[in-house]
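Engineer: Pasting in a structure now, in structure tokens, and then I'll have a few things to ask.
The values are calculated or read from the model by the stated rules, or taken from the named source; none is laboratory data. What you see is a predicted model; the values in this text were computed from it and never measured. With ideal geometry, Cβ positions are generated from the backbone for all residues, glycine too; neighbour counts draw on all protein chains shown.
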């Protein structure tokens with residue numbers, strides 16, 4: 001039996017897929033396997049979730065519940081829970097997650113393992129909300145971790161995560177306002193102000209037009225009809241509006257207030273997310289390099305635009321997680337949503353990475369990239385992986401290439 005990832009550009013090559021119903025069954029499966037990998041929602045665009053000739057574990061049938069701890073302002077969730085479903089439970093209890101990704105459709109464990117993020121000048125990645133997790137290690141032992149910066153963004157290299165605990169904040173409301181036609185000069189001159197203008201701010205472009213197509217501001221107040229030279233949109237927009245994509249599957253806009261979980265994501269849980277079969281790439285550079293990095297991408301905009309559906313510019317606050325792209329400081333995220341032409345995309349990746357190389361670039365672990373970055377804690381992570389998995393049963397080809405530097 002074979003399955004593909006969400007975009008359909010990766011066919012998994014595991015020998016078999018097992019859907020355990022209990023943590024004990026996960027432990028037995030891991031202990032008896034020679035190569036094993038957990039399978040999430042499949043919203044990765046490279047082979048990070050593949051396990052050639054081995055065992056993939058689909059944890060969606062685990063008999064675990066979402067439990068809100070009101071006294072400690074936290075929620076404990078099964079690994080395969082989707083953020084959108086968790087958010088509904090959390091909101092009903094009067095709490096919120098501090099941030100969400102653009103898509104609420106992804107599993108918590110997969111999102112956390114790859115340091116997936118939302119937007120916001122003061123908002124960290126979703127992995128930063130993890131205050132504890134349960135991990136089945138190579139010999140089948142179930143270990144519980146709390147406050148360990150090395151295990152959270154684990155890339156599947158340390159074991160199989162079965163349960164996570166996330167910190168919560170009080171519930172809150174946001175409105176979502178969209179603006180058209182931000183001048184590039186304004187983006188350069190006022191980048192920090194623009195990114196700080198809301199709880200979460202995203203700019204969308206194809207890098208070739210004379211203005212930035214859209215700015216999405218998710219915040220509490222009215223940003224005004226003129227936003228640094230951009231004009232308030234006259235109707236709902238899709239991030240790829242300029243490519244002719246309708247806004248039917250997007251969250252509510254036009255300044256209508258609503259609960260956090262219905263405004264922070266760009267896309268609604270009850271619709272097919274984003275476009276569908278697109279491909280994605282994302283690079284992160286320190287905020288101090290924001291303008292230079294944007295100029296570098298505009299310099300090849302004529303090459304990017306024919307393959308792009310849209311590109312998103314946003315900021316993410318720094319953290320201390322060992323393999324987080326945001327380790328050590330705040331970063332600007334340059335996200336690229338591509339048309340489903342992988343050969344054309346892969347031809348562009350080395351060019352993009354060469355242009356971004358002077359700016360301490362790091363790629364998103366779950367998306368298409370050419371070369372991984374170095375991390376200050378990479379040696380410590382390798383040592384931890386060797387300790388928890390001495391025989392390398394979690395050491396997939398992706399992990400061997402991009403974590404251990406093997407060809």
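Engineer: Give region 369-407 a look and list any residue that's on the phi < 0 side of the Ramachandran plot, part of a loop (DSSP other than H, G, I, E, B) and without any contact (Cβ under 8 Å) to a residue 60 or more places away in the chain, or say none.
Structural biologist: Listed by number, the residues that qualify are 370, 371, 372, 373, 374, 375, 376, 404, 406, 407.
Results for (1) in contact with a strand residue (DSSP E or B) (Cβ under 9 Å, 6 or more places away or on another chain); (2) in a helix (DSSP H, G or I); (3) in the same structural domain as residue 202 (by TED's automatic domain parsing); (4) modelled with pLDDT of 95 or more, shown as yes or no for each residue.
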| site | (1), (2), (3), (4) |
| --- | --- |
| 37 | yes, no, no, yes |
| 41 | yes, no, no, no |
| 71 | no, no, no, yes |
| 76 | yes, no, no, yes |
| 86 | yes, yes, no, yes |
| 102 | yes, no, no, no |
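Engineer: A further question follows. Among the residues of region 82-96, count how many are within 12 Å of residue 264 (Cβ to Cβ) and surrounded by fewer than 23 Cβ atoms within 10 Å (Cβ to Cβ).
Structural biologist: So the count comes out to 3.
Engineer: Can you pull out the residues in region 352-368 that are in contact with a strand residue (DSSP E or B) (Cβ under 6 Å, 6 or more places away or on another chain) and part of a helix (DSSP H, G or I)?
Structural biologist: 356, 359
Engineer: Taking residue 118 and the conditions (1) surrounded by 20 or more Cβ atoms within 10 Å (Cβ to Cβ); (2) at pLDDT 95 or above; (3) over 27 Å from residue 22 (Cβ atoms), which numbered condition does it fall short on, given that it satisfies the others?
Structural biologist: Every condition holds for residue 118 apart from (2).
Engineer: Moving on. Take region 1-27 and flag every residue that is surrounded by 14 or more Cβ atoms within 10 Å (Cβ to Cβ) and not in a loop (DSSP other than H, G, I, E, B).
Structural biologist: 17, 18, 23, 25, 26, 27
Engineer: Can you pull out every residue in region 107-141 that is assigned to a loop (DSSP other than H, G, I, E, B), farther than 21 Å from residue 269 by Cβ and over 10 Å from the mean Cα position of the chain (by Cα)?
Structural biologist: Hits for region 107-141 are 121, 122, 124, 137, 138, 139, 140, 141.
Engineer: Which pairs turn up if I take residues in region 177-195 that are assigned by TED's automatic domain parsing to the domain that holds residue 218 and in contact (Cβ under 8 Å) with a residue 60 or more places away in the chain and look for partners that are crowded, with 18+ Cβ neighbours inside 10 Å and not in a strand (DSSP E or B) with beta carbon separation below 6 Å, at least 6 apart in sequence or on another chain?
Structural biologist: 177/223; 178/233; 178/237; 178/253; 191/290; 195/121
Engineer: Something else about it: Can you spot a residue in region 218-226 that is surrounded by fewer than 20 Cβ atoms within 10 Å (Cβ to Cβ), within 22 Å of the chain's Cα centre (by Cα) and modelled with pLDDT of 95 or more?
Structural biologist: Within region 218-226, one or more residues are surrounded by fewer than 20 Cβ atoms within 10 Å (Cβ to Cβ), within 22 Å of the chain's Cα centre (by Cα) and modelled with pLDDT of 95 or more.
Engineer: Before we move on, is residue 182 at pLDDT 95 or above, under 28 Å from residue 90 (Cβ atoms) and not in a helix (DSSP H, G or I)?
Structural biologist: no
Engineer: Identify, from the list 13, 4, the residue that is free of Cβ contacts under 8 Å to residues at least 40 places away in the same chain and under 30 Å from residue 339 (Cα atoms).
Structural biologist: Criteria check complete, one pass: 4.
Engineer: Only one of 385, 347 is surrounded by fewer than 22 Cβ atoms within 10 Å (Cβ to Cβ) and either touching a helix residue (DSSP H, G or I) at 6+ places or on another chain (Cβ under 7 Å) or not assigned by TED's automatic domain parsing to the domain that holds residue 127 (or both); which?
Structural biologist: 347
Engineer: Yes or no: region 242-256 includes at least one residue that is surrounded by 19 or more Cβ atoms within 10 Å (Cβ to Cβ), in contact (Cβ under 8 Å) with a residue 24 or more places away in the chain, touching a strand residue (DSSP E or B) at 6+ places or on another chain (Cβ under 7 Å) and in a strand (DSSP E or B).
Structural biologist: no
Engineer: Given the conditions (1) buried (at least 16 other Cβ atoms within 10 Å of the Cβ); (2) in contact with a strand residue (DSSP E or B) (Cβ under 7 Å, 6 or more places away or on another chain), report the number of the one that residue 48 does not fulfil.
Structural biologist: It is condition (2) that residue 48 fails.
Engineer: Out of the residues in region 56-81 that are more than 23 Å from the chain's Cα centre (by Cα) and more than 16 Å from residue 24 (Cα to Cα), state the one that is surrounded by the most Cβ atoms within 10 Å (Cβ to Cβ).
Structural biologist: My answer is 68.
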